[in-house]
1. Looking only at residues in the range B:136-169 that are among the polar types (S, T, N, Q) and more than 19 Å from A:Thr79 (Cβ to Cβ), which one is farthest from the other protein chains (Cβ to nearest Cβ)?
2. Could you list all residues from the range A:265-275 that are modelled with pLDDT of 90 or more and surrounded by 18 or more Cβ atoms within 10 Å (Cβ to Cβ)?
3. Please give the strands (runs of 3 or more DSSP E) falling wholly within the range A:151-213 in which 2 or more residues are under 9 Å from the mean Cα position of the chain (by Cα).
4. Is the range A:115-125 home to any residue that is among the β-branched types (Val, Ile, Thr), within 12 Å of chain B (Cβ to nearest Cβ), surrounded by 21 or more Cβ atoms within 10 Å (Cβ to Cβ) and not in a loop (DSSP other than H, G, I, E, B)?
5. Which ones in the range B:77-135 are within 23 Å of B:Ile147 (Cβ to Cβ), within 14 Å of chain A (Cβ to nearest Cβ), part of a helix (DSSP H, G or I) and not hydrophobic (A, V, I, L, M, F, W, C)?
6. On the basis of being more than 18 Å from B:Gly129 (Cα to Cα), surrounded by fewer than 19 Cβ atoms within 10 Å (Cβ to Cβ), among the charged types (D, E, K, R) and within 14 Å of chain B (Cβ to nearest Cβ), does A:Asp57 make the cut?
7. Within the range A:294-311, can one find any residue that is modelled with pLDDT of 90 or more, under 25 Å from A:Arg215 (Cβ atoms) and touching a helix residue (DSSP H, G or I) at 6+ places or on another chain (Cβ under 7 Å)?
8. Exactly one condition in (1) surrounded by fewer than 24 Cβ atoms within 10 Å (Cβ to Cβ); (2) within 26 Å of A:Arg76 (Cβ to Cβ) is false for B:Arg106; which is it?
Amino acid sequence: MISFDIQLNHPDFSLSAKGEFDDGITAVFGPSGAGKSSLLNCLAGSIKPSDGWVTLDGTTLYSGSNGIWVSSEKRRIGTVYQDGALFPHLNVRKNIEFGWKLLPEDQRRLDPLEIADLLGLTHLLDRAPNELSGGERQRVAIARALATSPALLLLDEPLASLDAARRGSILNYLKRVHAELNMPMIYVSHSISEVVSIASSAMLLRDGEVEGFDRPSALLLGAISTSDEVDSFDNILDGVIGDSTDYLTTVRIGEVDISTRHQNKNPGDRVVVSLGANKIILATDEPTNLSARNILRGSVSEIWSNTGKVFTEVDIGEKFIVELTENALSDLGIAVGQNVFLVFKSSSVEVYDA
Amino acid sequence: MNSDISIVALSLQIALVATAVTLPVGMFVAWLLVRKQFRGKFVLDVFVSLPLALPPVVVGYALLWIVGTNGWIGQLSESLFGSTLAFTWIAAALAAAIVSLPLVVRSFAAALAGVDPRLEVAARGLGAGSIRTFLTVTLPLAYRGVIAGVLLGFVRSLSEFGATIIVAGNIPGRTQTLPSAIFTRISAGNTDDAWRLALVSVVLGVIALAVHNWLLKRTANGISSSNGGFR
């Protein structure tokens, strides 16, 4: 568990953030310039705050009043940067082993080769960083940080430079890492879709101040419905390939089956599914005679409404976020607890390898 | 012919010692200039670069004043060894080091500036201290530029004349280097002997500069784009 109360004063920027993050995956969300990376750098020890304190699992890493400062190489906090920041002169294996080799043997809890295996890197160990794809580079960066057996993993916009297909895959690897290694993570992002998909709680930063700390969907959808910072939300969900016909493939998400375009995959393959919140239609009665292949019954569990844009969370066994307009909301009289139907075309669903 | 060999040997010895001095000093100064923000950075930059802008004779004169009986280095060495450093090969090496330092610092600074500082931050976060980070990340990524800088400094030291002749004189067998020997032979009208040594200078210079340029060229299109930076 990490807790902190940090002041950072610069001539042109200031950050004031207080928080306590449990051992789950916590997101730090906000528009660019909000101070997300500064907060992360203060926690990692690559920036010294102006005042305040930071403790990790009961150990004080920084205290302005007591003059305590643990330098970044002694913090046991792993960091993954946006572009990976891999060492270009070392191959994948040497990159991953870089920090591991510096650890005293009794502190080497995680084996680099097992981590490489967990992240699907075993066949890439002898490659140079410039021979890797963007997604592979990020996986190496994650493995390199994990190999130092950190008490906490910081991820600074790790998916920002990747395309949609790779994003889903990396999110999945991170979930797997979190589940198998019990690794606490702080995930900095400006993508609500990513945050809602991966994090169990989120801190919202704006102009160097904490605006909220809550369940990601509750916090973020409420916040963004008032702003233009994000114009679309994607539901990113884990799925398993089911049966296929000539033109359609079923993907099972939790207890729910949805139809997608035909996928060249085998039943049982793990996938990541992405469905835009604005691609889903809400109906209060069960529609008939529709070409859309997905009509799913659920109930409205939450509504974030502000001028213009509305997000609703609909529970159909899995939770889906649906975007609609204020007019639709009032015309249909949609309220929390109401039974509704989600309607979307199989071609609106993007399916990626997990 | 024998004296030619001893002249070349002494020149190489002086240039090597000068390079051994400029390598760590130049690296530290370049690192300060590229990676650190501090008060007096501008002054340090100007001070280190000054020999580039001054006639070497002036540098030699200033150095003579420092290592002579009135200077603090002179007094220190006098109390330790009973004599000053003036008119010794060590003074010649010192002169060569000071005159070549600006070139070395400039080359090193360019090499260090080419290394992404985020890689150093990443190394620190992975548990490497600042010295280990420098040795295992910064230096391997900058080494071509560093070697190029060393060669440039070495060549400049080999050809140093103005400061050397003031502070170390032109004593055959003790402080007479290639340039000062050539000067002596030209003055005495021994043109054949002068040409021979001049040719040696040209050969040494061409070799060093060729290697220098080859390294810089490989740095320019290496490391990030191809396998050039990969071991």
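The values are calculated or read from the model by the stated rules, or taken from the named source; none is laboratory data. Owing to the predicted nature of the structure, the values given are computational and were not obtained by experimental measurement. Because the Cβ atoms are built from the backbone with ideal geometry, glycine has one as well, and the counts that use them run over all protein chains shown.
1. B:Thr164
2. The answer is A:Leu275, and nothing else.
3. The qualifying strands (runs of 3 or more DSSP E) are A:185-189.
4. no
5. B:Pro117, B:Glu120, B:Ser130, B:Arg132, B:Thr133
6. Details: more than 18 Å from B:Gly129 (Cα to Cα): yes; surrounded by fewer than 19 Cβ atoms within 10 Å (Cβ to Cβ): yes; among the charged types (D, E, K, R): yes; within 14 Å of chain B (Cβ to nearest Cβ): no.
Answer is no for this residue.
7. No, every residue in the range A:294-311 fails to be modelled with pLDDT of 90 or more, under 25 Å from A:Arg215 (Cβ atoms) and touching a helix residue (DSSP H, G or I) at 6+ places or on another chain (Cβ under 7 Å).
8. Among (1) surrounded by fewer than 24 Cβ atoms within 10 Å (Cβ to Cβ); (2) within 26 Å of A:Arg76 (Cβ to Cβ), B:Arg106 violates only (2).
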